[in-house]
Amino acid sequence: MKLAPAVFALAAIAAGCASMTAGGPTAVARLAPTAGNSTSGTVTFAQTGDKVAVTAKVSGLSPGPHGFHIHEKGDCSASDAASAGGHFNPTGKPHGNPQAGDHHSGDMPVLEADSSGNATLSTTLDGIAIGAGAGDIVGKSVVVHKDPDDYKTQPAGNSGARIACGVIAKA
């Protein structure tokens, strides 16, 4: 049968391609509202080489931009999420825009909520990792803030109250 070698060759190629596209470790944070707020959502993280792809889907926001950060502690137990600590910053850099210049490892682009209070974000970040090294975000938290991040004010961008928090867990 002449098709057998071709079928085996195609199967081998497909298996090789699948292993090439298989992703690295993943993690997820399920956002819950802080006291008096209704913001919730999910943030997923996927290691892709030396970068981490971040995808967020958040609802219950006021329309417009909101600060969005990884915080140093995986503790959302305080009613205002103060238990999450400050921004994740293992390299000791100043707060700033994650897409331009020096910044905390935990600095992320703002969430832009539509007129219905829903926001989605898809970005890739440097300086963080899933499950290894100083930039490991597993066991940290994700916090959504009431106000936009100005990327200038130290140490946190003047982003206002914490309106949602979720602990990052390896998936």
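The values are calculated or read from the model by the stated rules, or taken from the named source; none is laboratory data. In this text the structure is predicted, and so the values were computed from the model without any measurement. Cβ: placed from backbone, ideal geometry, glycine included. Neighbour counts: every protein chain shown.
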Scan of region 35-58 for residues that are small (Gly, Ala, Ser), out of contact with any Lys or Arg (no Cβ under 7 Å at 6 or more places or on another chain) and buried (at least 16 other Cβ atoms within 10 Å of the Cβ), ordered by number: 40, 46, 53, 56
First in region 140-151 and part of a loop (DSSP other than H, G, I, E, B), second anywhere and surrounded by fewer than 24 Cβ atoms within 10 Å (Cβ to Cβ) and acidic (Asp, Glu), Cβ under 8 Å, 6 or more apart: 140/72
Region 102-120 residues that are assigned to a loop (DSSP other than H, G, I, E, B), paired with ones that are surrounded by 24 or more Cβ atoms within 10 Å (Cβ to Cβ) and polar (S, T, N, Q) (beta carbon under 7 Å, 6 or more apart): none
Members of region 44-58 that are part of a strand (DSSP E or B) and either among the β-branched types (Val, Ile, Thr) or out of contact with any strand residue (DSSP E or B) (no Cβ under 6 Å at 6 or more places or on another chain) (or both): 44, 47, 48, 52, 54, 55, 58
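To keep it simple, each residue is scored yes or no on (1) farther than 18 Å from residue 37 by Cβ; (2) more than 14 Å from the chain's Cα centre (by Cα); (3) surrounded by fewer than 23 Cβ atoms within 10 Å (Cβ to Cβ); (4) polar (S, T, N, Q).
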{"residue": "69", "(1), (2), (3), (4)": "no, no, no, no"}
{"residue": "76", "(1), (2), (3), (4)": "no, yes, no, no"}
{"residue": "80", "(1), (2), (3), (4)": "no, yes, yes, no"}
{"residue": "84", "(1), (2), (3), (4)": "no, yes, no, no"}
{"residue": "89", "(1), (2), (3), (4)": "yes, yes, yes, yes"}
{"residue": "92", "(1), (2), (3), (4)": "yes, yes, yes, no"}
{"residue": "96", "(1), (2), (3), (4)": "yes, yes, yes, no"}
{"residue": "101", "(1), (2), (3), (4)": "yes, yes, yes, no"}
Only one of 46, 27, 9 that is farther than 26 Å from residue 155 by Cβ and modelled with pLDDT of 95 or more: 46
Any hit, region 83-91, residues being closer than 19 Å to residue 43 by Cβ, in a strand (DSSP E or B) and free of Cβ contacts under 8 Å to residues at least 40 places away in the same chain: no
